[in-house]
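Taking it in order: structure first as structure tokens, then the write-up.
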Amino acid sequence: MEYNFQQIEQDSKKRWEAQQVYKVNNTSSRPKYYVLDMFPYPSGAGLHVGHPLGYIASDIFARYKVMKGFSVLHPMGFDAFGLPAEQYALETGQHPAVTTEKNITRYKEQLDNIGFNYDWSREVNTSDPQYYKWTQWIFLQLFKSWFNRDTQKAESLDTLIAIFEKEGNAGHAAPGNDTGTFTAEAWQAMGESDRRHILMQYRLAYLDHAVVWWCEALGTVLANDEVVNGVSERGGHPVERKKMRQWFLRITEYADRLIDSLDKLEWSEAMKEMQRNWIGRSEGAELSFTTTGGQKIAVFTTRPDTIFGVDFLVLAPEHELVSAITTPEHQAEVTQYVTYVKSRSERERMAEKKISGCFTGAYCLHPLSGRKIPVWISEYVLAGYGTGAIMAVPAGDDRDHAFARHFDIPVTNIFGDLYTGEAAVSDKNVTITDSDFISGLSVKDAAAKVLETLEAKSLGTRRINYRLRDAGFSRQRYWGEPFPIAYKDNVPYAIDEEALNLPEPMRRLPLELPHVEHYKPGPEGEGPLANVTDWVLVTNNDGEIVKRETNTMPGYAGSSWYFLRYMDPGNQQEFASKDSTDYWNQVDLYIGGTEHAVGHLLYSRMWTKVLYDLGHLSFDEPFKRLVNQGMIQGSTRYVYRINGTHTFVSQGLKDQHLVDQIRVDVSMVDGVELDTEAFKGWRPEYANAEFILENGKYICGSETEKMSKSKYNVVNPDDIVAQYGADTFRMYEMFLGPIEMSKPWDTKGIEGVHRFLKKFWRLFYDEQKGWIVTEEAASEAELKVLHKTIKKIESDTERFSFNTVVSQFMICVNELTDLNCHKRGILDALVRLITPYAPHMAEALWQQLGNEGSVIHALFPEWEEKYVTENSKVYPIAINGKPRTELEFALDAEEAFIRAEVLANEAVQKWLEGKEPKKFIYVKGRMINVVV
RNA sequence: GCGGGUGUGGUGAAAUUGGUAGACACGCUAGACUUAGGAUCUAGUGCUGCGAGGCUUGGGGGUUCGAGUCCCUCCACCCGCACCA
């Protein structure tokens, strides 16, 4: 009986289905283990072979943990809100819910095809009102909370209001800092609107203004993705930066905690480093400069010690003071420059090597020396970072130096001989010179003294600055969670607030997305919801018209907490019961790509901390251990058409002609050999193609690039599974290389793994004789092979080295085949061992071996020390570090004995050429080196 | 520009602590069995040399008895950069 994977996989799936083997309860006497995959956005293109890489790894690990006796939660769901579905709706008129549903069905089929052990009864879908009800609920928790810097945690606004009533806000400056201070009396005297305005400065979810890409022609706001080369991707219309009112999450308040608790996570250092850099904590000072016209300009600097080296100030072109300080004679130039910068993205501005800028005509007076300092604007200063203004010290900063050079601004040297006039001195272990009262001091001492002096004059304060910005949380789109917010007299309220006095049904969550006639943007850059007047404008119990929020939430809203919903997906009363979150607790293993390093992972961490602070969770970090998977790249194939003809020349001969390089669909290529008939049928213009072959074959060129439809290099897992089976596919993806590494897909290579599975099968079945498993006792050699393998598989699985696991299985099967072993004593353990990797085949063999129940719940085999310890070692003998021969010695042999034996050896003698060895190095169990 | 990562045969890779570089596969070459082979099996396969040997882990330098692994330096490629998710 041969390895009929189609039949086997179908039978195994049926058995699992019937026995509901993947269902997991929220109570168990077993220890728990939570394995999580980054859930997919169900795009219309379906899964390609790159997507399941991480899923296979987590599936293997989840199965392994089950067999090790854990109660394992391994769920899957869909991040179903998003731009592509809406874009598709805009083009075709199909409701995003409909296309999303269709895509999800397809994804589930594809996933099931690969044989994942998901408990589908826990599936979540972020666009399901029963799911986003809780996304909205969490948003309201954020809206109704503030971050108490004294306690370093989120608290209900009630505690803040109590403080205001008692003592005003003197002890609790607003994070946004534009409220000023007020007393308890002042607070009590305030009207509702003023109070709410002040509270907005504290809320964790708050309204402010942000700059977005605005496209006049399309009448809409565009995502960065949709702006290509300074024009809209659709239509190529001009775009500009526009300030709009937006929701934000005050993640900056959590900056320190987000940095500090990284220490307790088992993430790669690289990943932690990316998060730290993204948060970008820097300690420095905010200093105040005053223009000759009396305007105060605040600058942030990490080097207050260089204050006497300030030669000019630079403001971000969009800085609010720019128009006020610009002198009439520089007005035209400044306006022109500001217009230019408005058309530029932040990325372009940061990456720009060309120096540009513009003098405003204004001067400041140096706060300590009183020197007159010109004020410039330039795109290299960003409005969103620090105060949007810097003090430029060309002697000590590369970019400032380049700027000064470019505009011929004289440079003040404050580093003595270290500064040569050629380049800035960025070294921090230096002595400051020519700087009044800090001359001769170290950087650290000088900075402290400057701060002291400026603080005394109220011209500066110590300040910790973060690169991290508060997260923009609204989108002018349809296909996202509606905000449970409505405006009365332009003041925002949560829909359940008494002040709004909405009729009871309107106060409840979820606030569902209304049906729309079309997906076109609303007026004034508002989202499509703004067009649904009878949804937007509602009448409250007092007969007043209130206006609903027309923005929707961004993609990361639903994905910031989905791992919690899996714990208790059907709960109608809470986002998840405390019992369930206490039981499953943190995600023990999270597998996903590095592209989420700073977005999703940071937001999820913040949300978890907020829910923890507010008492809804008993842990404050969501993902204990994180493993990053690499990408599977596409392998593109090319054909070469001789210029202006229908003749295609094989790759090896292409240099003899002038050719066009054309991508062809990989499905028409076997390895690198083109199926010329299929190619002729691919497109009408190739119907009459002629070929110049080499050795009777048309050989394609190839290149590794991103797997994408447009490059014709997409490989669908369904096709691979149909041809080789899910078990082969799973093991091959693992065999490709280390999980965290990117690597190109090569369908050709899968044969080796498929052959291995067939060979594995032949340990049990003979093509002629059928079942050949015997009851004979296993030999010492066979037991050695088995236990060595168990040990290796276990340790490699634990360290996610799945590629070497597959190799070890191959080695094991090769050795057992050589030993002609068909013994139950060996094979029964081997079947359990391979279950996480090739579950379908394992189940079939497990049943045939006559075992009770499913192999899914069998125990992972254990290895015994006595079979894996060696008592001798074949040592490589090196002369001067170069291996020359080998000799076997017992591991407990005396060094003196070994030395004598080695030196007496013929081959060693030959290399010694009669000389006395200078040194004899013996590393037990490793090697022997003779130095001459 | 900033941040992170990766460079080993024709290809995917292995080498877990500084100790035999290239395990395991793909591909290729030759052969066996077979009506057939896109099944299976056997042998070979880093480069170079008739050979003894020499060379070889992106380039250059260093530490060491010994370096793919540690240090310095240079280069190339990939990913992210805040409205794709």
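Brief remarks follow.
- Residue within region A:778-785 that is more than 9 Å from RNA strand B (Cβ to nearest atom), more than 23 Å from A:Asp818 (Cα to Cα) and not polar (S, T, N, Q) present: no
- Selection from region A:568-578 of residues that are under 15 Å from A:Leu611 (Cα atoms) and either surrounded by 23 or more Cβ atoms within 10 Å (Cβ to Cβ) or not hydroxyl-bearing (Ser, Thr, Tyr) (or both): A:Glu574, A:Phe575, A:Ala576, A:Lys578
- Extreme residue, surrounded by the most Cβ atoms within 10 Å (Cβ to Cβ), among residues of region A:151-190 that are of a type in the set (A, V, I, L, M) and over 36 Å from the mean Cα position of the chain (by Cα): A:Ile163
- Those strands (runs of 3 or more DSSP E) of region A:263-341 in which at least 1 residues are touching a Phe, Trp or Tyr at 6+ places or on another chain (Cβ under 9 Å), among the polar types (S, T, N, Q) and closer than 29 Å to A:Gly440 by Cβ, considering only elements entirely within it, cover A:281-291.
- Every pair of residues 6+ apart whose Cβ atoms lie under 6 Å, when the first sits in region A:776-799 and is within 16 Å of A:Met67 (Cα to Cα) and in contact (Cβ under 8 Å) with a residue 24 or more places away in the chain while the second is surrounded by fewer than 21 Cβ atoms within 10 Å (Cβ to Cβ) and among the aliphatic types (A, V, I, L, M): A:Lys791/A:Val868
- A single entry from A:Arg250, A:Arg234, A:Arg241 fulfils the requirement of being more than 10 Å from RNA strand B (Cβ to nearest atom), surrounded by 13 or more Cβ atoms within 10 Å (Cβ to Cβ), of a type in the set (D, E, K, R) and over 28 Å from A:Ala486 (Cα atoms): A:Arg234.
- Contacts under 7 angstrom Cβ, first residue in region A:154-168 being at positive phi, partner part of a helix (DSSP H, G or I) and surrounded by 16 or more Cβ atoms within 10 Å (Cβ to Cβ), 6 or more apart: A:Gly168/A:Trp187
- Restricting region A:815-828 to residues that are free of Cβ contacts under 8 Å to residues at least 24 places away in the same chain and in a helix (DSSP H, G or I), the residue that is farthest from A:Arg762 (Cα to Cα) is A:Asp828.
- Residue in region A:44-52 that is touching a helix residue (DSSP H, G or I) at 6+ places or on another chain (Cβ under 6 Å), part of a helix (DSSP H, G or I) and surrounded by fewer than 21 Cβ atoms within 10 Å (Cβ to Cβ) present: no
- Any hit, region A:845-852, residues being of a type in the set (D, E, K, R), without any contact (Cβ under 8 Å) to a residue 60 or more places away in the chain and within 14 Å of RNA strand B (Cβ to nearest atom): no
Conditions tested, residue by residue: (1) at pLDDT 90 or above; (2) polar (S, T, N, Q); (3) over 30 Å from A:Ile790 (Cβ atoms).
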residue	(1), (2), (3)
A:Pro40	yes, no, yes
A:Ala45	no, no, yes
A:Leu53	yes, no, no
A:Ala57	yes, no, no
A:Ile60	yes, no, no
A:Val66	yes, no, no
A:Phe70	yes, no, no
A:Pro75	yes, no, no
A:Asp79	yes, no, yes
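- Matching residues, region A:679-692, being in a helix (DSSP H, G or I) and over 12 Å from A:Val639 (Cβ atoms): A:Gly681, A:Pro684, A:Glu685
- The set of residues in region A:766-811 being hydrophobic (A, V, I, L, M, F, W, C), assigned to a helix (DSSP H, G or I) and more than 26 Å from A:Tyr55 (Cα to Cα) consists of A:Ala781, A:Leu783, A:Val785, A:Leu786.
- Cβ-Cβ under 6 Å pairs, at least 6 apart or on other chains, region A:333-359 side farther than 27 Å from A:Leu222 by Cα and in the same structural domain as A:Phe312 (by TED's automatic domain parsing), far side within 12 Å of RNA strand B (Cβ to nearest atom) and not in a loop (DSSP other than H, G, I, E, B): A:Ile355/A:Ala402
- Test: residue in region A:726-736 that is without any contact (Cβ under 8 Å) to a residue 24 or more places away in the chain, in a loop (DSSP other than H, G, I, E, B) and within 14 Å of RNA strand B (Cβ to nearest atom): no
- Take the conditions (1) touching a strand residue (DSSP E or B) at 6+ places or on another chain (Cβ under 8 Å); (2) closer than 30 Å to A:Met734 by Cα; (3) within 16 Å of RNA strand B (Cβ to nearest atom); A:Pro622 misses just one of them, which is (3).
- Of the criteria (1) near RNA strand B (Cβ under 8 Å from one of its atoms); (2) in a loop (DSSP other than H, G, I, E, B), which one A:Val715 fails: (1)
- All positions within region A:896-910 that are in contact (Cβ under 8 Å) with a residue 24 or more places away in the chain and either part of a helix (DSSP H, G or I) or within 12 Å of RNA strand B (Cβ to nearest atom) (or both): A:Ile898, A:Val902, A:Leu903, A:Ala907, A:Val908
- Every residue from region A:852-871 that is over 40 Å from the mean Cα position of the chain (by Cα) and not in a loop (DSSP other than H, G, I, E, B): A:Glu865, A:Lys866, A:Tyr867, A:Val868
- Pairing residues of region A:648-665 that are farther than 19 Å from A:Asn688 by Cα with residues that are of a type in the set (S, T, N, Q) and at pLDDT 85 or above, at Cβ distances under 8 Å and at least 6 apart in sequence or on separate chains, gives A:His657/A:Asn643; A:Leu658/A:Asn643.
- Region A:211-231, subset exposed (fewer than 15 other Cβ atoms within 10 Å of the Cβ) and polar (S, T, N, Q), residue nearest to A:Arg469 (Cα to Cα): A:Asn224
- Residues located in region A:615-644, provided they are free of Cβ contacts under 8 Å to residues at least 12 places away in the same chain and either in the same structural domain as A:Ser580 (by TED's automatic domain parsing) or at negative phi (or both): A:Gly615
- For region A:452-473, the criterion of a residue being within 16 Å of RNA strand B (Cβ to nearest atom), buried (at least 18 other Cβ atoms within 10 Å of the Cβ), modelled with pLDDT of 90 or more and over 30 Å from A:Met391 (Cα atoms) is satisfied by at least one position.
Residues checked against (1) in contact with a Phe, Trp or Tyr (Cβ under 6 Å, 6 or more places away or on another chain); (2) in a loop (DSSP other than H, G, I, E, B); (3) away from RNA strand B (no atom under 16 Å from the Cβ):
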site	(1), (2), (3)
A:Met350	no, no, no
A:Ile390	no, no, no
A:Pro394	no, yes, yes
A:Ala402	no, no, no
A:Ile409	yes, yes, yes
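- In region A:875-895, residue nearest to RNA strand B (Cβ to nearest atom) [restricted to those that are acidic (Asp, Glu) and more than 16 Å from A:Glu906 (Cα to Cα)]: A:Glu895
- If you go through region A:253-280 and keep only what is within 12 Å of RNA strand B (Cβ to nearest atom) and basic (Lys, Arg), you end up with A:Lys272, A:Arg276.
The values are calculated or read from the model by the stated rules, or taken from the named source; none is laboratory data. On a predicted model such as this, the values are computed, not experimentally measured, just so you know. Neighbour counts run over all protein chains shown; Cβ positions are idealised from the backbone, glycine included.
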